[in-house]
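What follows is one structure encoded as structure tokens, with my remarks underneath.
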Amino acid sequence: MKHLEICPNCHSKLKLHSDGETQYCSTCEYWTKIGTVRLDSIMIYE
Ligand SMILES: [Zn+2]
């Protein structure tokens, strides 16, 4: 499964939601479902 380690929006560390399927950012409230993240969006921000 693909997942992000940092928020693509503000670069804070993402946290894993207790449901085990969602990652969220406590800084900007960005969230994403694990497995739906496109890796090319990471490259753009790095
Ligand atoms: Zn964020």
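The values are calculated or read from the model by the stated rules, or taken from the named source; none is laboratory data. All values reported here derive from a predicted model rather than from experimental measurement. Note that each Cβ is placed from the backbone with ideal geometry, even for glycine, and that neighbours are counted across all protein chains shown. Calculation scope for accessible area: heavy atoms of the full protein, side chains included, ligands and nucleic acids excluded. Shrake-Rupley method; radii C 1.70, N 1.55, O 1.52, S 1.80 Å.
Only residues that are in contact (Cβ under 8 Å) with a residue 12 or more places away in the chain and either open to solvent by less than 50 Å² (accessible area, probe 1.4 Å) or assigned to a strand (DSSP E or B) (or both): list them for region 21-33, please.
Thr22, Gln23, Cys25, Cys28, Trp31, Thr32, Lys33
Those residues that are surrounded by 12 or more Cβ atoms within 10 Å (Cβ to Cβ) and either touching a residue at least 40 places away in the same chain (Cβ under 8 Å) or under 15 Å from Lys33 (Cβ atoms) (or both), I need them from region 10-20; list them, please.
Leu14, Lys15, Leu16, His17
When the residues of region 34-46 are narrowed to those that are within 15 Å of the ligand (Cβ to nearest atom) and assigned to a loop (DSSP other than H, G, I, E, B), which ends up modelled with the highest pLDDT?
Applying the filter and picking the extreme gives Val37.
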